[in-house]
Amino acid sequence: MLVSTPPETPPETPPDDKLPALALRLEDVRLRISQALAAAGRGVDACRLVAVSKTFPVADVRALYGLGQHAFGENYVQELQEKVAATQDLRQLEWHFIGPLQSNKTRPVAEHCHWVHTVDRLRIAERLSAQRPGTLPPLNVCLQVNISAEASKSGCAPQDVAPLARAVQALPGLRLRGLMCIPEPSLLPAQTAESFRALARLAVALADTAGPLDTLSMGMSADLETAVAEGATLVRVGTALFGQRPPPALNSAGESTR
Ligand SMILES: *Cc1c(COP(=O)(O)O)cnc(C)c1O
């Protein structure tokens, strides 16, 4: 009688192998976008996905890149620099800066990003333009608008968008692409929709003076369908792709250390 050999131990899965989960979530987010586009009667390619990888490791960026997701968003300059350095081999990777930008931290963004979504004052735009390497095409820019007069300080007031847009268009290192907003998370769905609609109207009004803009950067994990229904051409999605972010660490003064 033959003694059966013990079954081969399966190849060990590394504990951080999140590829299957990431692949499922990417498929799900792509489906949400395409269904929202179809429901709005818009073309299948009318809205791009930017994967917001802030706080998540480079391994996750690589995994999604391998699945064909090439645009990534980061909020913090330090983290952007680390990830840029660790992904030099990914030739089609496109970095989008989507965080608040201080004027003393513009250089790495000007040198390494393809897009900045959070330009809300001329001083930042001037620095980005001056620091954009001449060997690179102009940096794509969205103006962040404080569309619902939120408590948040980020974003320029709606009435200041037109003059800022004209000034940005005069800067050789930048290419104005459109507008961006982050509605307050506490808003009701109908109010969020109204904020997105207001941003879309502002972009239309701006076309009279600034010429047509092709980008509305609006919509995140929780409200991307609403944003697509209101005309988003680019959604910025983090949680729905990568999972829950760890809460930001606080320093002794109770401020976020990021
Ligand atoms: C973090 C962040 C996102 C992604 O938010 P999720 O709710 O995780 O999808 C999008 N836009 C900006 C500006 C962000 O800071």
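The values are calculated or read from the model by the stated rules, or taken from the named source; none is laboratory data. Keep in mind the model is a prediction, meaning the values are calculated, not measured. Heads up, the Cβs are rebuilt from the backbone with ideal geometry, glycines too, and the neighbour counts pull from every protein chain shown. Surface areas here come from the heavy atoms of the whole protein model, side chains and all, with no ligands, DNA or RNA. Shrake-Rupley method; radii C 1.70, N 1.55, O 1.52, S 1.80 Å.
Of all complete DSSP H helices in the chain, those with a Cα span along the helix axis of 15 Å or greater and a mean Kyte-Doolittle hydropathy of 0.5 or more are 19-39.
Once the GluC sites (Glu not before Pro) in DSSP loops with at most 15 neighbouring Cβ atoms within 10 Å are cut out of the chain, the longest remaining piece is 13-254.
Kirkwood's formula applied to the C-alpha pairs of region 71-151 gives a hydrodynamic radius of 13.0 angstrom.
Note on residue 24 and residue 86: the extension gain reaches 19.9 nm, defined as 0.36 nm multiplied by sequence separation minus the Cα-Cα distance. Averaged per residue, the chain has 52 square angstrom of accessible surface, using a 1.4 angstrom probe with ligands and nucleic acids left out.
Please report the relative contact order for the chain, taking Cα pairs under 8 Å with a sequence separation of at least 6, and give it as a percent rounded to a whole number. Across the chain, relative contact order equals 18 percent. Estimated from helical segments only, the mean residue ellipticity of the chain at 222 nm is -11500 deg cm²/dmol, where each DSSP H run of four or more residues counts as -39500 (n - 2.57).
Each pair of Cα atoms in the chain enters the Kirkwood radius, and Stokes-Einstein at 4 °C and 1.567 mPa s then converts it into a translational diffusion coefficient of 66 µm²/s. Among 183, 20, 246, which one shows the highest mean-square fluctuation when the chain is modelled as a Gaussian network with alpha-carbon springs under 10 Å? Fluctuation is largest for 246. Please give me the summed charge of the neighbours of residue 171: other residues whose Cβ is under 11 Å from its Cβ, Lys and Arg +1, Asp and Glu -1. It works out to a net charge of +3. Of the trypsin sites (Lys or Arg not before Pro) found in region 11-119, those that fall in a DSSP loop while having at most 11 other beta-carbon atoms within 10 Å are 91. Restricting the calculation to alpha carbons of region 169-208 gives Rg and Dmax of 13.3, 40 angstrom.
The charge dipole of the chain, taken about its Cα centre with unit charges on the Cβ of Lys, Arg, Asp and Glu (plus for the first two, minus for the last two), comes to roughly 720 debye. Protein heavy-atom surface of the chain, 1.4 angstrom probe: 56% of the accessible area is carbon and sulfur, with nucleic acids and ligands not counted. Computed from the Cα positions only, the extents of region 148-190 along the three principal axes stand at 40, 17, 16 Å, in decreasing order. Contact order, relative form, for region 25-85: 28 percent (alpha carbon pairs under 8 Å, 6 or more residues apart, mean separation divided by residue count).
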